[in-house]
1. Tell me which residues come under 5 Å, amide H to amide H, from Leu165 once H is placed; ignore anything under 5 positions away on its chain.
2. With a/c under 1.5 counting as rounded, go ahead and sort the stretch 75-120 into rounded, prolate or oblate using the C-alpha gyration tensor (a ≥ b ≥ c being the square roots of the eigenvalues; past the cut-off, prolate if a/b is larger than b/c, else oblate).
3. Roughly how many percent of the accessible protein surface of the stretch 33-148 is carbon and sulfur, given a 1.4 Å probe and a whole-percent answer?
4. When a/c is below 1.5 the answer is rounded, else prolate if a/b is larger than b/c, else oblate, so apply that to the stretch 32-138 with a ≥ b ≥ c taken from the square roots of the Cα gyration tensor eigenvalues.
5. Quick one: which residues, 5+ away or cross-chain, put their amide H under 5 Å from the amide H of Thr119? H built at 1.01 Å from N.
6. Amide H neighbours of Val71 under 5 Å, counting only residues 5+ apart in sequence or on other chains, H built in-plane at 1.01 Å?
7. Using a 1.4 Å probe, what is the accessible area per residue for the stretch 83-231, in Å²?
8. Please list 3J(HN,Hα) in residue order for the stretch 125-140, calculated via the Karplus relation 6.51 cos²θ - 1.76 cosθ + 1.60 where θ = phi - 60°; whole Hz, with x for glycine and proline.
Amino acid sequence: RSERLGPIVREPLVTAALGFARLALWWIGYYCVVEEGQIARPNEAKVLVSNHVGLIEVLLLYRAARCPSFVTRIENISLPLFAGVAHVSRAIVVDRGMRASRESTMREISKRAHESCATQLMVFPEGTCNNQHCLFRFNRGAFQPAVPIQPVIFNFPYASFNPCLTGEATGGHELPGIMWRTASQIVSRVEVKYLPPYAPSAAERADATLFAGNVQALMASHLHVPVTDCTLADYTALSTRRFHSVPPERAAVLCRARAASQAAELHSGLPSPSAIESGRPGSAASKAE
């Protein structure tokens, strides 16, 4: 079992994995990685939380934390070589469509967060990829243990090609298209900011939702983007509509329009809308797009 791997076995595997990650980044043109701050030690922050754009931040954070454990969806296990990486890293595999699996994942995250000898655990609390225009609502799993966490922020500057893995449903790209266009560019850039470890207050330790919301707001302020209560369920519904009845131009603006609407209402003191349809064409938010 992977948890029984001793340092004599694990260290060569870690070194090989880190070398492969660096080689993969160079191969697709990520020569320029601007980093600010430094990764926390495991005794300072056991859980690392980050915004999720695609695959590059996964490789970068995995390399920076020297092969931490992580939470991944069950569909990823079928990817080439990924099952081996997940095994060695003691990954927590979740079936997002099953409530029992999600609850089991939360229990396992809490257990790992309190294990003194465990490696760090990286979590992408949005549960899906965003398009760099907003942050999706953070799930509570990474914050349920009520331990210090380290927020890590990734920003991908671009001129004409946004490398986010959001799929065609929101006007983005699928994985093959992203890999092709990224490899076709001479240089791709990414900025990484390691924020100081965030220790929860007494109120945040008692309320994981409050903890998650405050960390989301902190990360959004550094990214200079609004927050939204959109979730994976909204994204899935949007994808379904995109391929059945919603015109492409409408599907492409829904999430961004909703985020813009919520940002405007946040400044005006009004409550945020409760339905993704607030971004429908013809609405004020859609016209703002």
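The values are calculated or read from the model by the stated rules, or taken from the named source; none is laboratory data. None of these values were measured; they are calculated from a predicted model. Accessible surface areas use protein heavy atoms only, side chains included; no ligands, DNA or RNA. Shrake-Rupley method; radii C 1.70, N 1.55, O 1.52, S 1.80 Å.
1. Distant-sequence amide H within range of Leu165: Gly54.
2. Judged from the Cα gyration tensor, the stretch 75-120 comes out oblate (a/c at least 1.5, b/c at or above a/b).
3. 54
4. Judged from the Cα gyration tensor, the stretch 32-138 comes out rounded (a/c under 1.5).
5. Those qualifying (amide H under 5 Å, at least 5 residues apart or on another chain) number zero.
6. Amide H to amide H, under 5 Å and 5 or more residues apart or across chains, Val71 pairs with Ile92, Met122, Phe124.
7. 46
8. Going residue by residue, I get x, 5, x, 6, 8, 9, 9, 6, 9, 6, 10, 5, 4, 7, 6, 7 Hz, with x marking Gly and Pro.
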